[in-house]
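Input: a single structure, listed below in structure tokens.
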Amino acid sequence: MNSPVWHPYAHLKTQTPAPKVVGGSGSYFTLESGERLLDATCSWWCMIHGYGHPRLVAAIREQAGELCHVMLGGLTHDPADQLAQELVRITPPGLNHVFYSDSGSVGMEVAMKMALQYQVLSGHPGKRKMLSLMKAYHGDTTGCMAVCDPEEGMHGLFASLLPQHHFAPAPTAPFDATPAQVEHDLAALREVLSRHHQEIAALLMEPLLQAAGGLNMTSPHYLRGARALCDEFGVLLIFDEVATGFGRTGRLFAADHAGVTPDIMVLSKGLTGGYLGHAATLATDRVHEAFIGDSQHHAFMHGPTFMGNPLACRVALESLRVFEEEHYLEKIAALSQVLQRELLEDAALRAHPAVADVRVLGATAVIETHGSEALAGVAAFARARGVWLRPIGRWLYTMPAYIATDAEITQITGVMKAWFLEARR
Ligand SMILES: *Cc1c(COP(=O)(O)O)cnc(C)c1O
């Protein structure tokens with residue numbers, strides 16, 4: 001039977017029927033057929049505790065018995081208040097204010113509006129554009145599409161709909177680069193800022209790991225340099241930690257690697273452990289204080305219906321407790337070691353003619369190929385071996401759940417390597 005469900009990013013003519021998922025437990029989800037698949041992507045990187053986690057499920061059940069939803073306009077509730085306090089506690093020092101929304105894209109829209117309005121309220125009404133990076137991905141809504149990579153990104157069709165922003169080259173220095181090695185990247189950023197800072201409200205970036213745009217990794221020195229440049233040019237710094245937040249790069253937040261506090265930071269994906277859609281846009285006192293005033297322009301005119309949803313906030317609180325009580329950062333460090341050993345240190349993989357690069361950072365590993373043709377058929381190949389892999393363009397990656405065992409990780413990396421190294425067809 002044909003389902004009326006319209007699937008994302010799918011070519012309707014060539015798509016194969018989507019397998020039906022009926023449940024999940026730990027790193028696996030189960031199909032209607034009984035087939036179990038080890039999820040190498042943890043459902044677009046959000047199901048960090050895996051499926052069916054008893055504590056997260058119980059938190060949702062308990063909250064559902066008390067209060068499923070209430071508007072946040074003019075009202076508040078414990079889950080929203082407590083989660084905001086927790087987010088302020090765990091994020092880089094100085095991010096003291098939390099604005100909720102319902103998805104990563106909307107969290108970024110909020111960040112961009114906040115930055116522009118901050119500049120207007122601070123007497124810089126000319127600063128109305130964003131500065132983004134090539135290879136960036138910040139979401140699929142109109143405002144977000146305008147700050148995604150305009151060339152390699154997937155939104156070229158909509159160019160006429162999008163406001164024009166500024167772009168700087170994607171950083172090229174790797175994670176372990178020396179300060180000298182990032183100078184070139186920072187010089188490129190300085191160049192754009194010095195030419196256009198009068199019209200730039202904020203520099204926005206996915207710190208350390210540009211995720212959907214090709215899993216491009218860079219150095220903490222780049223973040224520090226970007227922070228200094230933003231201060232020099234009166235530009236706000238926005239970190240989109242929608243993908244990197246909650247441990248993905250090996251620290252709780254990518255910003256922690258650099259000891260940098262952005263002016264605005266956006267969290268989503270792992271925020272609720274993936275159990276409900278939600279997002280938080282955090283701001284420093286400096287940004288928040290600019291909104292305290294008498295004019296009609298001082299109110300922040302944004303308010304998604306489901307912002308601060310009690311179920312989402314409650315499960316996010318439980319997710320954080322599990323993360324801390326069960327020492328997830330140690331789990332991620334161990335998991336990262338396995339990824340490094342199995343992929344980075346595999347000379348045959350790295351030497352394979354289809355492979356352009358292999359990178360690992362925290363709980364993220366990617367095999368970059370020279371072209372997406374090299375990955376045609378890889379999803380079916382992996383599925384036949386019990387693993388759910390879904391490459392992005394020419395990048396074959398894994399971002400597993402942090403509860404994955406060593407054996408599960410080596411099964412994932414084994415399939416990723418086998419695609420290149422084993423004879424097939
Ligand atoms: C996924 C993602 C978004 C968009 O989040 P949605 O919840 O899908 O709207 C934004 N920024 C980054 C870095 C992401 O990875």
Residue pairs qualifying under the 7 Å Cβ cut-off, at least six apart or on distinct chains, with the first in region 134-162 being touching a residue at least 24 places away in the same chain (Cβ under 8 Å) and at negative phi and the second being more than 14 Å from the ligand (Cβ to nearest atom) and aliphatic (A, V, I, L, M), are ASP149/MET134
Just one listed residue, out of HIS97, HIS124, is in a strand (DSSP E or B), away from the ligand (no atom under 16 Å from the Cβ) and assigned by TED's automatic domain parsing to the domain that holds MET301, and it is HIS97
Residues in region 107-136 that are of a type in the set (Val, Ile, Thr) and out of contact with any Ser or Thr (no Cβ under 6 Å at 6 or more places or on another chain) total 1
message: Going residue by residue through region 259-269, is there one that turns out to be of a type in the set (S, T, N, Q), within 28 Å of GLN340 (Cα to Cα) and in a strand (DSSP E or B)?
response: no
Checked against (1) part of a loop (DSSP other than H, G, I, E, B); (2) over 19 Å from ALA365 (Cβ atoms); (3) within 16 Å of the ligand (Cβ to nearest atom), GLY214 satisfies every condition except (2)
All-but-one check, MET205 against (1) more than 23 Å from THR178 (Cα to Cα); (2) within 16 Å of the ligand (Cβ to nearest atom); (3) buried (at least 24 other Cβ atoms within 10 Å of the Cβ), failing number (1)
Residues in region 205-263 that are among the hydroxyl-bearing types (Ser, Thr, Tyr), in contact with a strand residue (DSSP E or B) (Cβ under 6 Å, 6 or more places away or on another chain) and more than 19 Å from MET112 (Cβ to Cβ) total 1
When every residue in region 136-153 that is within 11 Å of the ligand (Cβ to nearest atom) and in a loop (DSSP other than H, G, I, E, B) is compared, the one surrounded by the most Cβ atoms within 10 Å (Cβ to Cβ) is HIS138
Next on the checklist: Quick check on region 229-243. Is at least one of its residues within 15 Å of the ligand (Cβ to nearest atom), charged (D, E, K, R) and without any contact (Cβ under 8 Å) to a residue 60 or more places away in the chain?
Outcome noted: yes
Checked against (1) free of Cβ contacts under 8 Å to residues at least 24 places away in the same chain; (2) in contact with a Pro (Cβ under 7 Å, 6 or more places away or on another chain); (3) within 12 Å of the ligand (Cβ to nearest atom), ASP102 satisfies every condition except (1)
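Here's the yes/no breakdown for (1) within 16 Å of the ligand (Cβ to nearest atom); (2) modelled with pLDDT under 95; (3) among the aliphatic types (A, V, I, L, M); (4) more than 30 Å from ALA226 (Cα to Cα):
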{"site": "ASP263", "(1), (2), (3), (4)": "no, no, no, no"}
{"site": "LEU267", "(1), (2), (3), (4)": "yes, no, yes, no"}
{"site": "MET307", "(1), (2), (3), (4)": "yes, no, yes, yes"}
{"site": "ARG321", "(1), (2), (3), (4)": "no, no, no, yes"}
{"site": "SER336", "(1), (2), (3), (4)": "no, no, no, no"}
Taking region 286-305 and the residues there that are surrounded by 12 or more Cβ atoms within 10 Å (Cβ to Cβ) and in a helix (DSSP H, G or I), the one that is modelled with the lowest pLDDT would be HIS297
Notebook entry, point to check: If you go through region 146-163 one residue at a time, do you hit one that is over 23 Å from ARG248 (Cβ atoms) and either among the basic types (Lys, Arg) or modelled with pLDDT of 95 or more (or both)?
Noted result: yes
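The values are calculated or read from the model by the stated rules, or taken from the named source; none is laboratory data. As the structure is a prediction and not an experimental result, all values here were calculated from the model. Virtual Cβ from ideal backbone geometry, glycine too; neighbours counted across all protein chains shown.
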